[in-house]
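A.B. asks: Structure in structure tokens, see below.
The values are calculated or read from the model by the stated rules, or taken from the named source; none is laboratory data. Only a predicted model underlies this, so the values are computations on that prediction, with no experimental measurement involved. No Cβ is skipped: glycine too gets one built from the backbone with ideal geometry, and neighbour counts run over all protein chains shown.
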Amino acid sequence: MVADAMSALQRRYGKTHRKDRWWVEPLLSGGGLAAFLLYSTVAVVVGPNWSYEVGPYLSPMFEPLIRPDWLPRWFSPGFLILWAPAGFRTTCYYYRRTYYRSYFLSPPACAVAEPAATYSGESKFPLILQNVHRYFMYVALVFNVLLWVGAVKSYWMPGEGLGIGVGSIVMTLNAFFLMMYSLGCHSLRHWVAGGLNSFSRTPIRRLRRKAWEIFTIANEKHRMWAWTSMIFVGLTDLYIRLVANGVITDIHTWKSF
Ligand code: FES
């Protein structure tokens with residue numbers, strides 16, 4: 001049985017008339033996604049042992065910081081919030097395309113044969129659960145606000161007051177990139193005005209159309225914002241940890257750290 005499946009896979013997989021290097025994109029995007037998943041998992045797991053906050057800076061992988069007294073020292077607070085961004089990204093239409101192609105080879109690229117003989121799309125269990133994306137989108141919007149709050153707070157050092165550092169700029173850029181990624185969400189765009197037959201009947205509908213037009217600008221570059229925001233979350237976490245653990249020095253206007 002396994003031998004039959006393997007030979008069917010060999011017969012079908014990769015058959016195409018394409019002459020270009022169609023395998024480059026799934027290889028790079030699958031590798032990039034795997035690298036981020038690995039980094040973020042390690043970053044959250046080692047959280048309590050390698051400081052993720054310093055001065056007014058807090059790693060975005062721990063925002064908002066939930067650290068009740070009863071939480072054991074070894075338990076990373078990142079686990080309490082990781083489900084939200086992870087659920088949002090893994091059910092995102094763009095990332096689905098990425099891992100369906102790179103990991104499930106279904107299909108590996110346009111006009112390239114896939115191993116599976118049948119195709120049921122996302123209409124059956126378990127892939128039908130991808131529809132939960134809309135609900136993760138609502139949660140992600142709350143996280144966007146929290147990340148902006150964290151970015152604004154990074155300009156205020158307790159005991160010293162207003163100032164600015166490289167970390168403040170990094171955290172602001174991180175909040176901006178994540179906001180652009182979220183605003184370009186297909187579910188958000190549909191929720192705002194995608195189901196309307198007429199845009200002009202009432203002032204509210206005209207307002208919804210305006211919002212739809214604005215979100216469309218971010219939506220057209222959803223792939224770019226997906227990658228920019230994902231890479232920058234990792235870089236922001238890395239920067240704050242390197243500063244917090246004394247590996248590099250942050251340039252800032254405050255005196256006390
Ligand atoms: S479709 Fe990508 S975030 Fe919603």
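A.B. asks: Is it the case, given these coordinates, that VAL192 is surrounded by 17 or more Cβ atoms within 10 Å (Cβ to Cβ), among the β-branched types (Val, Ile, Thr) and farther than 28 Å from PRO56 by Cβ?
C.D. replies: Details: surrounded by 17 or more Cβ atoms within 10 Å (Cβ to Cβ): yes; among the β-branched types (Val, Ile, Thr): yes; farther than 28 Å from PRO56 by Cβ: yes.
So VAL192 fits the description; yes.
A.B. asks: Does TYR99 satisfy being closer than 30 Å to THR16 by Cβ and surrounded by 15 or more Cβ atoms within 10 Å (Cβ to Cβ)? First the steps, then the outcome.
C.D. replies: Details: closer than 30 Å to THR16 by Cβ: yes; surrounded by 15 or more Cβ atoms within 10 Å (Cβ to Cβ): yes.
Against the criterion (closer than 30 Å to THR16 by Cβ and surrounded by 15 or more Cβ atoms within 10 Å (Cβ to Cβ)), TYR99 qualifies.
A.B. asks: Can you tell me which residue is nearest to TRP50 (Cα to Cα) among those in segment 218-257 that are of a type in the set (Phe, Trp, Tyr) and not in a loop (DSSP other than H, G, I, E, B)?
C.D. replies: Within segment 218-257, the first condition is being of a type in the set (Phe, Trp, Tyr), and the residues that meet it are 225, 227, 232, 239, 254, 257.
Filter again for not in a loop (DSSP other than H, G, I, E, B), leaving 225, 227, 232, 239.
Working: TRP225: 29, TRP227: 26, PHE232: 19, TYR239: 12 Å.
Out of the qualifying residues, it is TYR239.
A.B. asks: Scan segment 72-96 for residues that are surrounded by fewer than 19 Cβ atoms within 10 Å (Cβ to Cβ) and within 13 Å of the ligand (Cβ to nearest atom) and report the count.
C.D. replies: 8
A.B. asks: Moving to a separate point now. Evaluate the following for THR253: is it loosely packed, with under 15 Cβ neighbours inside 10 Å, over 21 Å from the mean Cα position of the chain (by Cα) and modelled with pLDDT of 95 or more?
C.D. replies: yes
A.B. asks: With SER123, SER106 as the choices, which residue is touching a helix residue (DSSP H, G or I) at 6+ places or on another chain (Cβ under 6 Å) and surrounded by fewer than 17 Cβ atoms within 10 Å (Cβ to Cβ)? Let's see the steps before the verdict.
C.D. replies: Values: SER123 fails: touching a helix residue (DSSP H, G or I) at 6+ places or on another chain (Cβ under 6 Å).
So the residue among SER123, SER106 that is touching a helix residue (DSSP H, G or I) at 6+ places or on another chain (Cβ under 6 Å) and surrounded by fewer than 17 Cβ atoms within 10 Å (Cβ to Cβ) is SER106.
A.B. asks: Would it be correct to say that ASN197 is of a type in the set (S, T, N, Q) and within 16 Å of the ligand (Cβ to nearest atom)?
C.D. replies: The answer is no for ASN197.
A.B. asks: Something else about it: Suppose we filter segment 127-163 for residues that are over 30 Å from TYR93 (Cβ atoms), surrounded by 12 or more Cβ atoms within 10 Å (Cβ to Cβ) and hydrophobic (A, V, I, L, M, F, W, C); how many remain?
C.D. replies: Total satisfying the criteria: 3.
A.B. asks: Are any residues in segment 207-234 in contact (Cβ under 8 Å) with a residue 60 or more places away in the chain and either farther than 23 Å from PHE36 by Cα or of a type in the set (Val, Ile, Thr) (or both), and if so, which ones?
C.D. replies: Those that are in contact (Cβ under 8 Å) with a residue 60 or more places away in the chain and either farther than 23 Å from PHE36 by Cα or of a type in the set (Val, Ile, Thr) (or both): ILE231, VAL233.
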